[in-house]
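Starting off with a structure, shown below.
The values are calculated or read from the model by the stated rules, or taken from the named source; none is laboratory data. Owing to the predicted nature of the structure, the values given are computational and were not obtained by experimental measurement. Backbone-built Cβ (ideal geometry, glycine too); neighbour counts: all protein chains shown. Remember, those area values only see protein heavy atoms, side chains included, never the ligands or the DNA or RNA. Shrake-Rupley method; radii C 1.70, N 1.55, O 1.52, S 1.80 Å.
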Amino acid sequence: PFRYITQNVDHWIIDGDGWEDYQIYAAEILQNQGYSYGIWSTTMSNIHNLFGYHITHLIWFTGEREPALNIYERNYLTTHLTDGKALFISGQNIGKDLTLSNLYQDSNFYHNYLHAQLELPNTAEREVQAIENSAFVPNDMVFNIEGGDGAGNQTSPETISPNAQAVAFLEYSD
């Protein structure tokens with residue numbers, strides 16, 4: 001379906017998961033909280049710097065797509081993040097693609113724009129909890145990324161850590 005994005009939306013959801021529908025999870029939350037949003041499907045068209053320049057809050061789903069982020073998307077995100085705008089990104093193997101893959105590697109982008117360090121390319125952990133005294137989530141937040149009413153696509157979660165420019169607010173429970 002065609003979706004039109006105007007200048008008066010609070011958030012922009014990037015549907016970069018191929019033909020999956022993972023964007024519906026973020027759309028439902030934003031709608032329930034009273035935020036306006038637009039959805040851009042990278043399956044229909046690559047994203048570029050001329051589109052969405054006014055959007056400050058970006059929610060990006062890569063799903064299980066390989067590569068998690070192509071060169072056009074990394075270029076767009078480089079500009080978005082350099083301009084001081086916000087990004088929440090979720091998907092499988094983002095760190096592996098950008099740091100370990102011979103085909104898609106872009107360690108500079110991973111370290112200098114996503115501000116992340118890949119610690120483990122795959123972990124058995126599935127329970128996530130808030131880091132105490134985080135400014136972003138309540139201290140008692142605990143959830144499982146497997147089962148329940150989620151997308152059901154957490155087959156190889158990574159363990160990552162933030163570099164000096166980033167702040168962690170969630171961690172795996174021990």
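Which three lengths, in whole Å and largest first, does the range 24-99 cover when its Cα atoms are put on their principal axes?
Here the Cα extents, ordered largest to smallest, are 37, 25, 24 Å.
Let's test the formula: R0 of 25 Å, r as the Cβ-Cβ distance of SER107 and ILE131. What FRET efficiency results, to the nearest 0.05? Display every interim value, and only then the final one.
Numbers: r = 25 Å, r/R0 = 1.01.
The pair SER107/ILE131 has a calculated efficiency of 0.50.
Heads up, I need the accessible area for TRP40: 1.4 angstrom probe, whole protein in place, Å², nearest 10.
TRP40 has an accessible surface of roughly 50 Å² with all protein chains in place.
Mind grabbing the accessible area of ASP10 for me, 1.4 Å probe, Å², rounded to tens?
Answer for ASP10: close to 70 Å² accessible.
Rounded to the nearest angstrom and ordered from largest down, what semi-axes does the equivalent ellipsoid of the range 1-149 get from its C-alpha gyration tensor (root of 5λ)?
Working: eigenvalues 107, 91, 51 Å².
For the range 1-149, the ellipsoid semi-axes come out as 23, 21, 16 Å.
Of the accessible area of the chain, with the probe set at 1.4 angstrom, what percent is carbon plus sulfur? Intermediate results must be reported in sequence, preceding the final value.
On the way: 5220 of 10270 Å².
After summing per-atom areas, the C and S share lands at 51 percent.
In what order, largest first, do PHE88, PHE61, PHE109, PHE169 sit by accessible area if the probe radius is 1.4 Å?
Numbers: PHE88 105, PHE61 30, PHE109 5, PHE169 60 Å².
Order by accessible area, largest first: PHE88, PHE169, PHE61, PHE109.
Probe 1.4 Å, all protein chains in place: accessible area of LEU120 in Å², nearest 10?
Estimated to the nearest 10 Å², LEU120 gives 90 Å².
Taking the Cα centroid of the range 77-97 and of the range 116-174, what is the distance between the two, rounded to the nearest whole Å?
For the range 77-97 versus the range 116-174, the Cα centre distance is 16 Å.
Something else now. Evaluate Rg over Rh across the range 79-141, taking Cα atoms for both radii and Kirkwood's formula for Rh. Write down the numbers at each step before the final one.
On the way: Rg = 14.1 Å, Rh = 13.9 Å.
Ratio of gyration radius to Kirkwood radius for the range 79-141: 1.02.
Right, here's the next one. Express the relative contact order of the range 1-123 as a whole percentage, based on alpha carbon pairs under 8 Å and six or more residues apart in sequence. Numbers along the way, then the final one.
Details: 186 pairs, mean separation 28.6, N = 123.
Over the range 1-123, the number comes to 23 percent.
Distance from a point 7 Å along Cα→Cβ of TYR53 to each backbone N in the range 72-112: keep the residues under 14 Å and list them by number.
Residues 79-80, 83 qualify, since their backbone N sits under 14 Å from the label point.
Right, another one. So, for the range 1-151, what is the accessible surface per residue at a probe of 1.4 Å, expressed in square angstrom? It would help to have the intermediate numbers written out before the result.
Details: 8850 Å² over 151 residues.
Per-residue accessible area for the range 1-151 comes out at 59 Å².
Next up: Working from the pairwise distances between different alpha carbons, so that the mean of 1/r is found and then inverted, what is the range 103-174's Kirkwood radius in Å?
On the way: mean 1/r = 0.0732 Å⁻¹.
When all Cα pairs of the range 103-174 are included, the Kirkwood radius is 13.7 Å.
Simple spin-label model, 7 Å along Cα-to-Cβ: GLN154 to ASP174 in nm?
Inter-label distance under the simple model: 1.9 nm.
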